[in-house]
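Step one of this worksheet: look at the structure below.
The values are calculated or read from the model by the stated rules, or taken from the named source; none is laboratory data. Quick caveat: nothing in here was measured; it's all calculated off a predicted structure. A quick note on method: Cβ atoms are made from the backbone with ideal geometry, for glycine too, and the neighbour counts reach across all protein chains shown.
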Amino acid sequence: MIRAAVLAGIVLALPAGAQDRRTGYDDMSPALQAMQDDPMNPAAFWLIDGEALWSEPAGTRGQSCADCHDAAEDSMAGVAARYPAWDEEQAAPVDLNGRIALCRDRHQGAGPQDRADPDILALLAYVTHQSRGMPLTPDPDPRLDPARARGETLFTTRMGQLNLSCAQCHDDNSGGHLAAALIPQGHPTGYPQYRLEWETLGTLERRIRGCLTGVRAEPFAPGSADFIALALYLQSRAAGLQVETLPIRP
Amino acid sequence: MRGRGMRRRCAKPLAAEKRRRGKVGLNPTLRATLAVLALSGTAAGADGLATPLTATPGDPARGAQIVTDPQHGLCTLCHAGPFPQVAFTGTLGPDLTGVGARRTLADLRQQIVDSRRANPDTIMPPYHSTEGLNRVGERWQGTTLMTAQEVEDVVAYLATLTGDTP
């Protein structure tokens, strides 16, 4: 009931032309869509690991995620659809990847975490899975607004030796082809994703690093303010589109 | 278990390219040409770059190699053209079929060196200019996509594309 009301609110709030938005899933071949729709697709290994890790004691405190959050099916539903969010302690925005790493450090006593650590990725996949099918719903906290605006600036700023902005490809030329590759609209509905190109599961951060390297620009440092800002903008640009799991991309 | 599954390799057109890059600033001839343009207040490259960038005339055969190697010239990532040997060509730029008949040498040279002169909003990268670039990756700083001689080779090749069939 509440979810339906939220959904209705979001549909009303969608910008004009929103119905023309396409996700990477929409643009995949039927064969790849079938792979994503298969609950035992390659990304499932991380989901299974993440589910086990959720209840496993970790760190010097020997606490598990479940000790604080109970069943993820309840406590984590909708969380991935809302993040990035504000972190009070750092007084800065944090993405879900960063939040899981912070939780392991602060509450489990596991020390500073590598954002790309396999266990963190597995937990990220598991937590994200609890939001499957839910619409991306940007966190309305006004303290996030400056970072979101910074993200939009980054999105429209030309970068690198090839001197291209995100917007020039993903707004102005989406649907076109860069050699054989279809240029997607760039909506972050399917992360972390199992990418055939990578032969592994990876994050939005890794995907953006690929784009920046492609235009020969300096990538954002892992978890940097600029990356989170861009993630915030991408999420608001994709508001209303549904969270996919277990995402597969070419 | 992780990472097993699909063994298929997909094309990584931009990320995977590794090519020889000239560690060049602006070539002296080009610098002189641009200085003349700046001094004379010539409107945004309207007349193109009439003076070759190098003393060695462009080699169309070398130019053809650069244009049709997606890892080197990057041209076919965006442009189709009379390149049957290239498996996949992009759709972002105009088809280069007949471009040698449509454009002058000066035009072609200007377009490749820095297409922003003709159109500030262009998506075509500047192949022989580092002017106004932002956040260039460390390994590419101070380099250009093509050396002056490569520009001349590509111009010489494009000038041969006068036929009207791909």
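A few remarks follow.
- Selection count where residues are hydroxyl-bearing (S, T, Y) and either out of contact with any helix residue (DSSP H, G or I) (no Cβ under 9 Å at 6 or more places or on another chain) or in contact (Cβ under 8 Å) with a residue 60 or more places away in the chain (or both), scope the stretch A:36-82: 1
- Every residue from the stretch A:60-98 that is in a loop (DSSP other than H, G, I, E, B), closer than 22 Å to A:L241 by Cα and not charged (D, E, K, R): A:M76, A:A77, A:G78, A:Y83, A:P84
- Residues that are crowded, with 18+ Cβ neighbours inside 10 Å, touching a Lys or Arg at 6+ places or on another chain (Cβ under 8 Å) and assigned to a loop (DSSP other than H, G, I, E, B), drawn from the stretch B:90-128: B:P126
- For A:L123: the one exception among (1) surrounded by fewer than 19 Cβ atoms within 10 Å (Cβ to Cβ); (2) more than 9 Å from chain B (Cβ to nearest Cβ); (3) in contact with a Leu (Cβ under 6 Å, 6 or more places away or on another chain): (1)
- Qualifying positions in the stretch B:129-151 - within 11 Å of chain A (Cβ to nearest Cβ) and assigned to a helix (DSSP H, G or I): B:E138, B:R139, B:W140
- For the stretch A:233-248, the condition holds for at least one residue, the condition being that it is within 11 Å of chain B (Cβ to nearest Cβ) and modelled with pLDDT of 95 or more.
- Only a single item in (1) surrounded by 12 or more Cβ atoms within 10 Å (Cβ to Cβ); (2) closer than 26 Å to A:S224 by Cα; (3) among the aliphatic types (A, V, I, L, M) is not met by A:A91, and it is number (1).
- Single match in A:L154, A:L162, A:L201 (criterion: within 20 Å of A:G223 (Cα to Cα), within 12 Å of chain B (Cβ to nearest Cβ) and either assigned to a loop (DSSP other than H, G, I, E, B) or over 17 Å from the mean Cα position of the chain (by Cα) (or both)): A:L154
- Considering the stretch A:214-232, and only residues there that are assigned to a helix (DSSP H, G or I) and buried (at least 20 other Cβ atoms within 10 Å of the Cβ), the residue that is farthest from the other protein chains (Cβ to nearest Cβ) turns out to be A:L232.
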